[in-house]
Amino acid sequence: MPIKTWMLPKEDRKLSAILAKTCGLPPLAAEILVNRGCRSERQVQQYLYSSMELEDPFALADMEEAVSLLQEAVDAGEKITIYGDYDCDGVTSTAMLLMYLSALGAEVDYYIPSRIREGYGMNADAVRFLAQKGTQLIVTVDNGISAHEEIRLAKQLGMRVLVTDHHQVGEELPPADAVVNPHRKDCPSTFKDLAGVGVAFKLIAAMEGSDYDGVMEQFGDLVALGTVGDLVPLLGENRSLVLAGMEILRLGQNLGLATLMEQAGISPEKLNAQSIAFGLAPRINAAGRMDDASLAANLLLTDSSEEAVLLAQKLESLNQKRKEEEEHIFEGIDAQIAAHPEALLDRVLTFYGEGWPHGVIGIVSSRVLEQYGKPNLLMELEDGVLIGSGRSVPGFSLFQALSACQETLMRYGGHTQAAGFTLKEEDFPTFKSSLEQYAAQTARVMPTFTYTVDKVLSPEELTLEQIRSLQCLEPFGAENQQPLFVLPQAKLLDIIPVSEGKHLRLKFQFGSLTMTAMCFRTTAEQLGYPVGSVLDVLAQVTINPYQGREYLSVQVKDLHPVSFDQKAYHNAWTVYEMFRRGEQLPASVRPRMTLTREEVAQVYRMLRQTNGASSDIDRYYLSYLASYVNYCKFRLALDVLMEAGLLAVSPRMDRLTLCSVQHKADLTQTPTMKRLAAL
């Protein structure tokens, strides 16, 4: 697989020492904040502590109108329906507001649309259904800002509508009775990055006369879960909400959540934002992705221990099914690559298949992005229609790409790095062609998948005390990521397959330390580096409590050989792909592509001598051949050898097999050598 780019920090130890002293921070934490762009005491304070005191909820536009509308409905005994969303943010918002209104004695229920049958947001059939069942006030949570027609219909049917949402606002507000959304252009509130559950939390606080403390005691656990689960920036007010909410979550006062934590194997003392993001939120989301989001909502609402256990077990089962569906989609992608290996040369990868649940393809798209380092669009085929989701690298906007192809799309929307869309299957060839044309014009050299490094650690800094000192930066999440460290010049001592070879336990000599690190979703063959290699290790380092003691836990994210020239590597990869696609090459690169017969023979001899067939191609090159030929020539040499029948390259272009041959091959007559000669 293509090797990822690392963006190393520009360290300023003198400034870090000053800020550590003036801000009262541990030295390592101060260094990380400086490397993340905090250059003054004010910036550090803003990063860590801004908006820790929540702004008055009435700073949100229309909040007074919203409180009056809701209070009038409660006092009049009107039928209130909370219209939610099927993701973690929407489910927690729905459950929280329903519990609050029920405690006030309101006649209230909820409606969450089916992701599979209805899709996101309000729809006309649901609005008519609510009117028929007697709903008089609809309160949306985590949706509604774009539901102009549906809200207009609701008003025509005699219902009032209160919208609470956090998604981007269009040119006009929907025709609701009140619209609470921090992204309104006329909203004077200062913090704009609340999740839907954060907006609903502020609505409840406003109903309680701005009493945040009381509302936090009741619903802090749901606010923390929904905020982390929606991947909003964990800075400012969100940081405050999650920190306080996790304390409530640890108490286990919500029966359903406590049962789910037990089912997920999360103990209160181990609870943090990561265990919420990777343990609790996926199980809540699994309900809406694989079945019905009401399963998750009912878990959060139940006061029955028996029902809580049954629902938690159901979510666990759905989450496992979700994982299986992910692997099913990956198998389908592999099959398509095997049939059409040239698909991996595209600037934007596109794959689709029947039976790929569109509630899951977004997750798979993120994994495809990390695996292949390219923007990608995955689609489920259903009744001649493709329902898609995509992910991209910074620097290439999926939303702009889809906008350029909108004539072939039924609908689309999203952001720069994540988007959704729908089109007819018959229009896919035209769509794909337009997409590649747009990418070639706007990103002739596609931006690479990049890891942003927070700190290069010395062996002396890799201690429990130092890593523990980073707790002041928590909670970690979107825009406040778990720190990424480079551990330089670590010697690989041992490679131990675990979990039937699916993962690896690696042993390194790092300075005077002997350390063990886990490398997930990687086989020994995919690792590519032999024992004895001296590597720079990109890793996350956390503390793992076990049987009353604490241990450092090192998780490998990537590996580079020492002194790896990543710019030269990626430039060579770009030129190689351009050549394979038959594009016009800059004259300046052609001399560096000229491949001699002796260079091809040298690559072949090295492959035979070192059993190159057993390793990942790229990492094999870095271990054995980087000093002989540049990467572009290496890939071209493999193509020549494959055309000559001397080896076979896997469809993914990541593994090769040496062929048993009894004849000499004329390498100069292969198609690749002829094309190179004609440059």
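The values are calculated or read from the model by the stated rules, or taken from the named source; none is laboratory data. Since the structure is predicted, the reported quantities are computational estimates derived from the model, not experimental observations. In this analysis, Cβ positions are derived from the backbone assuming ideal geometry, glycine residues included, and neighbour counts consider all displayed protein chains.
Listing for the model above:
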{"item": "Helices (runs of 4 or more DSSP H) wholly inside the range 564-679 that include at least 1 residues being surrounded by fewer than 16 Cβ atoms within 10 Å (Cβ to Cβ) and within 35 Å of the chain's Cα centre (by Cα)", "result": "566-581"}
{"item": "Residue match in the range 424-432 (condition: basic (K, R) and either over 30 Å from L552 (Cβ atoms) or in a helix (DSSP H, G or I) (or both))", "result": "yes"}
{"item": "Output for the range 451-503, where each listed residue is of a type in the set (S, T, N, Q), outside any loop (DSSP other than H, G, I, E, B) and under 15 Å from A517 (Cα atoms)", "result": "Q489"}
{"item": "Considering residues of the range 627-679 that are in contact with a Cys (Cβ under 8 Å, 6 or more places away or on another chain) and among the aliphatic types (A, V, I, L, M) only, the residue farthest from R608 (Cα to Cα)", "result": "A648"}
{"item": "Matching residues in the range 462-483 - criterion: being buried (at least 17 other Cβ atoms within 10 Å of the Cβ) and farther than 30 Å from L402 by Cβ", "result": "L462, Q466, I467, L470, L473, E474, P475, F476, Q482, P483"}
{"item": "Any hit, the range 81-98, residues being over 18 Å from L130 (Cβ atoms), assigned by TED's automatic domain parsing to the domain that holds V163 and among the hydroxyl-bearing types (S, T, Y)", "result": "yes"}
{"item": "Of all residues in the range 247-298 being among the hydroxyl-bearing types (S, T, Y) and in contact (Cβ under 8 Å) with a residue 24 or more places away in the chain, the one that is nearest to Q555 (Cα to Cα)", "result": "T259"}
{"item": "Close pairs (6 angstrom Cβ cut-off, 6 or more residues apart or separate chains): under 30 Å from F510 (Cα atoms) in the range 562-579, in a helix (DSSP H, G or I) and of a type outside the set (D, E, K, R) anywhere", "result": "Y569/Y631"}
{"item": "Spans of helices (runs of 4 or more DSSP H) in the range 1-93 with at least 1 residues among the basic types (K, R) and surrounded by fewer than 18 Cβ atoms within 10 Å (Cβ to Cβ)", "result": "13-23, 41-49"}
{"item": "Residue that is out of contact with any Lys or Arg (no Cβ under 6 Å at 6 or more places or on another chain) and at positive phi, where the choices are S499, S433", "result": "S499"}
{"item": "Output for the range 326-361, where each listed residue is of a type in the set (S, T, N, Q) and within 19 Å of the chain's Cα centre (by Cα)", "result": "T350"}
{"item": "Filtered residues of the range 360-411 (kept if in a helix (DSSP H, G or I) and touching a residue at least 60 places away in the same chain (Cβ under 8 Å))", "result": "L369, E370, Q371, Y372"}
{"item": "Cβ pairs under 9 Å, 6+ apart, first in the range 205-234 and surrounded by fewer than 24 Cβ atoms within 10 Å (Cβ to Cβ), second basic (K, R) and modelled with pLDDT of 95 or more", "result": "Y212/K202; V215/K202"}
